[in-house]
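Please read the structure below before turning to the comments.
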Amino acid sequence: MALPLMPKATAVWLVENTTLTFDQIGNFCGFHKLEIQAIADGDVATGIIGLDPMVNAQLTSEEIKRCEKDSRAQLKMLKSELPKTAVRTKGPRYTPISKRAEKPDSVAYLLKTYPELMDSQIARLLGTTKDTIGKVRDKTHWNSANIKSHNPVLSGLCKQIDLDAALKRAQRRVAREEKKAAAAKKTDKAPKEESTVAPAPEVEAPIVIFNSDEQQPDIDPDDMSRSMG
C-alpha cells in the first residue's frame with residue numbers, strides 16, 4: 001500500500017483534526033496503532049507540524065467523514081495522476097561531498113576488520129575504486145597520514161544489510177578455496193601405486209672351476225713376445 005507524503009506529519013494532522021481511530025490512522029500512514037497513540041499522548045512527534053492530506057490531494061473530506069462514521073472502514077488514498085518517480089536500482093551510489101573524504105577511512109576499516117572481502121566487493125559497497133583501495137592498503141594514498149579506520153555503516157556510506165550480504169559471499173568463497181586446497185593436499189600425500197611389473201631375475205655369472213689335476217697347456221715365451229711385439 002502506498003503511503004502518504006510525509007506520513008508522520010500526516011498522522012499528526014489526522015490525530016489533531018479528526019475522530020479517526022488509531023488503527024485507521026496507522027493503516028493509512030504506515031504506523032502501528034501504538035505509535036499513533038504515542039503521537040496522541042504527546043510522547044513522540046513533538047514539534048512536528050501536521051500536514052493536511054486534503055491540501056495535497058491525497059484524501060477528500062468525504063473519505064474522512066466516511067471512515068469517521070465506520071471504525072471498521074479504511075481510508076483510501078486518491079490516485080495521483082503525476083508520474084511515479086523512477087527508482088534507481090543499479091549503478092554507482094551517489095555519495096555527498098561531505099562524506100567522500102571519509103571513504104579512505106572506511107576502506108581502511110574493511111581491509112583491517114574483514115580481510116576476506118575482495119577489492120571489488122569493497123569498491124561496490126563504498127562506491128570507490130580498486131586503485132584507491134590498493135593505495136590505502138599499501139599506504140601510498142596521498143592522505144595516508146590522516147587516514148583513521150572507521151565503520152562505513154556508522155558513516156552512512158553503506159548499509160549493514162549490504163555489508164552482511166557481502167561478508168556471507170566472501171565467507172562462502174573462502175570456504176570453497178580452503179576445501180579445494182585441502183583436497184589437493186590430500187592428493188599429494190596419497191601413497192603412490194606400486195609397479196605391477198616383476199623385476200628381471202638376476203643372472204649369475206658362471207663359475208669356472210679348474211681341476212688342479214688337469215694338465216695346463218704349455219706356453220711358448222717366444223710366441224708370446226711375437227704377439228706382443
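A quick yes/no check of all residues on (1) crowded, with 20+ Cβ neighbours inside 10 Å; (2) at pLDDT below 90; (3) not β-branched (Val, Ile, Thr):
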| residue | (1), (2), (3) |
| --- | --- |
| MET1 | no, yes, yes |
| LEU5 | no, yes, yes |
| CYS29 | yes, no, yes |
| ILE36 | yes, no, no |
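Annotation: HIS141 fulfils all but one of (1) on the phi < 0 side of the Ramachandran plot; (2) of a type outside the set (D, E, K, R); (3) within 19 Å of the chain's Cα centre (by Cα); the unmet one is (3). Scanning the range 49-76 for residues being of a type in the set (Asp, Glu) and either part of a loop (DSSP other than H, G, I, E, B) or over 13 Å from LEU14 (Cα atoms) (or both) gives a total of 3.
Checked against (1) surrounded by 14 or more Cβ atoms within 10 Å (Cβ to Cβ); (2) modelled with pLDDT of 90 or more; (3) not in a loop (DSSP other than H, G, I, E, B), LYS99 passes all but a single condition, namely (2). Here the helices (runs of 4 or more DSSP H) wholly within the range 1-48 that include at least 2 residues being among the β-branched types (Val, Ile, Thr) are 7-17, 33-41. Go through (1) modelled with pLDDT under 90; (2) surrounded by 12 or more Cβ atoms within 10 Å (Cβ to Cβ); (3) within 28 Å of VAL174 (Cβ to Cβ) for ARG124 and report which single condition fails. Exception for ARG124: condition (1).
Here is a list: LYS90, LYS84, LYS79. Which entry is modelled with pLDDT under 90, closer than 30 Å to HIS150 by Cα and in a loop (DSSP other than H, G, I, E, B)?
Working: LYS84 fails: closer than 30 Å to HIS150 by Cα; LYS79 fails: closer than 30 Å to HIS150 by Cα.
The conditions single out LYS90.
Considering the range 145-168, and only residues there that are exposed (fewer than 13 other Cβ atoms within 10 Å of the Cβ) and assigned to a helix (DSSP H, G or I), the residue that is modelled with the lowest pLDDT turns out to be LEU154. The set of residues from the range 18-35 being closer than 11 Å to GLN74 by Cα and of a type in the set (Asp, Glu) comprises just one member, ASP23.
The values are calculated or read from the model by the stated rules, or taken from the named source; none is laboratory data. As the structure is a computational prediction, the values presented were derived from the model and not from experiment. Cβ atoms come from the backbone with ideal geometry, glycine included; neighbour counts cover every protein chain shown.
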